[in-house]
Structure formats: C-alpha cells, structure tokens
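Enquirer: Below you'll find the structure I mean.
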Amino acid sequence: MGIEDIRISIDPDIRKKLERMARRKDRKLPYLIRDILTQAALIDSEDAWFYSKYWQKRLRDAEKNISEGKTSPPFDNADEGIAWLRS
C-alpha cells in the first residue's frame, strides 16, 4: 500500500493545538496528523474508550495498586464483597 497525499482543512483552533502537540513531541505537523489519522483508522470506534486518557490512567493506577499488594481479599460471594467495601 502506497502513501497518498491529501489536503484537509483544519479549524484554526485545532490546528494551533496540533502545532503545540507537534512541538512537544518534536514532530513535524504533517507527520503528527498522519499518525493520528492512522491510529484513528486502526482503532475500532467501539474500542476507543480503552485508549482514552481517563481509562489509561485508571489502568496504570490499578496496575500500581496490584504491584503494591493493595487488593481486596478473595470473596466467596457478592455479600462478602459488599460487606468488605462497606467496612
């Protein structure tokens, strides 16, 4: 599959944000936009929530808690779990 040039119009405010992002990542704007579009095309819209900053932070927090042993004990049933949460 080859690469094709296309022209797109971008809202000036969004362009400014993309330019700032490109500078922070030390990337040229066209390559940053290409990477963003490629990522968007590869991620099914039903799975996009997983890659959100919100969810990725929650995953990192959970992994940290697990590595530090900050987990609940095992429960034999839901009532035990609920009682543990309320304690």
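Enquirer: Report, by residue number, each residue of segment 40-87 that is loosely packed, with under 11 Cβ neighbours inside 10 Å, under 30 Å from LEU18 (Cα atoms) and among the polar types (S, T, N, Q).
Expert: SER45, SER52
Enquirer: May I ask you to list the residues in segment 30-84 that are part of a loop (DSSP other than H, G, I, E, B) and either in contact (Cβ under 8 Å) with a residue 60 or more places away in the chain or β-branched (Val, Ile, Thr) (or both)?
Expert: The answer is ILE43, THR71.
FYI, it's all coordinate maths here, none of it is from the lab. Here the structure is a predicted model, which is why all the values come from computation and not from measurement. Counting neighbours? That spans all protein chains shown, and the Cβs are built from the backbone with ideal geometry, glycine included.
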